[in-house]
Amino acid sequence: MQKNLLLISNSTNFGEAYLGWPRPFIQDFLKDFPVKRILFVPYAGVSLSDAGIQKSYDNYELRVKEVFQQLGYEIYSVHHQPDPVRAVMEAEAVAVGGGNTFHLVAEMQRTGIMEAIRRRALEGLPYLGWSAGSNVACPTLMTTNDMPIIQPPSFNCMGLIPFQINPHYLDKNPEGHGGETREARIEEFLIVNPKMKVAGLREATLLKVKGNRMDLLGARPMRLFEAGVAPREFEPGTDLSFLL
């Protein structure tokens, strides 16, 4: 299976423009494909307007469109399409934006595009996602950081990769906060799901998958969690194909 995936931890670093840091990686990823138009999935964006969720989707589309126009690509959103599944089947590439993963999964399942994107991505369709858009490439959404604002029919996602991602991974809690660390929560997940691996993907990092090869790119190391094994750190530029 010739998968082509760009799984980005976060859209924006502090003090930077929207989708600022990953733009060179996005451009490099897409240049090898005959892509002019990219189908955008905005369903994670639930709070980008006071005028309702459809307006939030509209605002999200405009925000992403501005960035991709600068890169030479046209963005059009699936929420405007009368037949979302057909739109996926005819797409040249798909981008899935971040936000609330539970809402994203619920809408992708409701519209049928979860399975449609999965099938196309396994055939080689270029797929890029950030934050929640990376979560849905995993087997489940269970390592997201989001509040469950809606109950999807299932936690199952696309399984384009055989491990979980925890985007925005943080090593420590803020000073003065006495709650669980992100590492402790991941360890809880591994107790219940001991056969699964979890990639703690820090901000300003991403995973690029091309066929059977996967590379860690960006500015920070990745922390890999496995049940019964001490966490391991991997530096940017590392070939992580063994995880596939």
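Can you confirm whether Leu207 is under 18 Å from the mean Cα position of the chain (by Cα) and either modelled with pLDDT under 95 or over 24 Å from Gly20 (Cβ atoms) (or both)? Answer is no for this residue. Each residue in region 84-101 was checked for being in contact with a helix residue (DSSP H, G or I) (Cβ under 9 Å, 6 or more places away or on another chain) and more than 13 Å from Pro42 (Cα to Cα), and 7 of them qualify.
For residues that are in contact (Cβ under 8 Å) with a residue 40 or more places away in the chain and surrounded by fewer than 23 Cβ atoms within 10 Å (Cβ to Cβ), scanning just region 82-92, find the one that is nearest to Gly129 (Cα to Cα). Give the steps one after another, and end with the answer.
Step one: list which residues in region 82-92 are in contact (Cβ under 8 Å) with a residue 40 or more places away in the chain, which gives 87-88, 91-92.
Applying the additional criterion that residues be surrounded by fewer than 23 Cβ atoms within 10 Å (Cβ to Cβ) yields 87, 92.
Values: Ala87: 17, Glu92: 15 Å.
Out of the qualifying residues, it is Glu92.
Is it the case, given these coordinates, that Thr101 is among the β-branched types (Val, Ile, Thr) and either in contact with a Lys or Arg (Cβ under 6 Å, 6 or more places away or on another chain) or more than 23 Å from Lys208 (Cα to Cα) (or both)? When the stated conditions are applied, Thr101 does not pass them. Looking only at region 19-38, decide whether some residue is open to solvent by less than 80 Å² (accessible area, probe 1.4 Å), among the aliphatic types (A, V, I, L, M) and farther than 19 Å from Leu206 by Cα. Among the residues of region 19-38, at least one is open to solvent by less than 80 Å² (accessible area, probe 1.4 Å), among the aliphatic types (A, V, I, L, M) and farther than 19 Å from Leu206 by Cα, which makes the answer yes.
Taking region 32-60 as the range and being among the hydrophobic types (A, V, I, L, M, F, W, C), touching a helix residue (DSSP H, G or I) at 6+ places or on another chain (Cβ under 9 Å) and under 23 Å from Ala121 (Cα atoms) as the test, the residues that pass are Ile38, Leu39, Phe40, Val41, Ala44.
Just one of Gln70, Gln2 is at pLDDT 95 or above and surrounded by fewer than 21 Cβ atoms within 10 Å (Cβ to Cβ); which is it? The unique qualifying residue is Gln70. Has region 180-189 got any residue that is under 30 Å from Gln2 (Cα atoms) and small (Gly, Ala, Ser)? Taking every residue of region 180-189 in turn, none turns out to be under 30 Å from Gln2 (Cα atoms) and small (Gly, Ala, Ser).
Inspect region 121-134 for any residue being buried (at least 24 other Cβ atoms within 10 Å of the Cβ), among the polar types (S, T, N, Q) and without any contact (Cβ under 8 Å) to a residue 40 or more places away in the chain and give the result as yes or no. The answer is no; no qualifying residue exists.
Condition check: closer than 26 Å to Phe155 by Cα, at pLDDT 95 or above and not acidic (Asp, Glu). Does Gln81 satisfy that?
Working: closer than 26 Å to Phe155 by Cα: yes; at pLDDT 95 or above: yes; not acidic (Asp, Glu): yes.
It is true that Gln81 is closer than 26 Å to Phe155 by Cα, at pLDDT 95 or above and not acidic (Asp, Glu).
The criterion of at least 2 residues that are open to solvent by 10 Å² or more (accessible area, probe 1.4 Å) is met by the following strands (runs of 3 or more DSSP E) wholly inside region 143-244: 205-210, 213-218, 222-226, 229-234.
The values are calculated or read from the model by the stated rules, or taken from the named source; none is laboratory data. On a predicted model such as this, the values are computed, not experimentally measured, just so you know. Neighbour counts run over all protein chains shown; Cβ positions are idealised from the backbone, glycine included. Surface areas here come from the heavy atoms of the whole protein model, side chains and all, with no ligands, DNA or RNA. Shrake-Rupley method; radii C 1.70, N 1.55, O 1.52, S 1.80 Å.
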